[in-house]
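The values are calculated or read from the model by the stated rules, or taken from the named source; none is laboratory data. This one's a predicted model, so the numbers in the text were calculated from it and none came from an experiment. Reconstructed Cβ throughout: ideal geometry from the backbone, glycine too, with neighbour counts over all protein chains shown.
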Amino acid sequence: MLIAKAVASCPGTNIDFGRLGLRYVGSPYAKRGTSMRLDDWFEGAKIVGPQAKIAVTLTARPAQEQALESLLRGMVEPCRSEPGNLRWDLWKDPAHPGRFVIDELYRDVSAVAEHRETPHFKHYFSVIDSMAERQSYVVVPFIVADVLSANAAVV
């Protein structure tokens, strides 16, 4: 890992890794806004890359609203149980019956790829186009409020 090489070549150097888009979890120095020596920063730390969000808007096709809602309700528990999933929320648009928004947050883009290989996602993907019009985006942080508190653990 490039950063690990930087640690080896620059012992005692201070750097703010938050500016690089990395989080450190498990280190005694894991406090927001803290800078420290590179070698201290890695002591007991677990590197977590930028998270990935999937935002999906689904609009039920005629006479498919109940079937779509049932499919989506069935996705909640298995998606939230995935090791790389940090959040999986389902929203309903009160102004447009049959419109749902799925808001998913994953550890990183590799967790999104793992999600797409699960049996529940493959089933969803095989039937969703017959039930709804779908717009889906996978995005990474650009300007985002901190989603992990200083005391949160990442598994």
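Structure data summary
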read-out	value
Selection status of R32, under 23 Å from A145 (Cα atoms), at pLDDT below 95 and outside any helix (DSSP H, G or I)	yes
Test: residue in the range 119-136 that is within 12 Å of the chain's Cα centre (by Cα) and either modelled with pLDDT under 95 or not aliphatic (A, V, I, L, M) (or both)	no
Within the range 113-138, considering residues that are surrounded by 11 or more Cβ atoms within 10 Å (Cβ to Cβ) and of a type in the set (S, T, Y), the one farthest from R80 (Cα to Cα)	S136
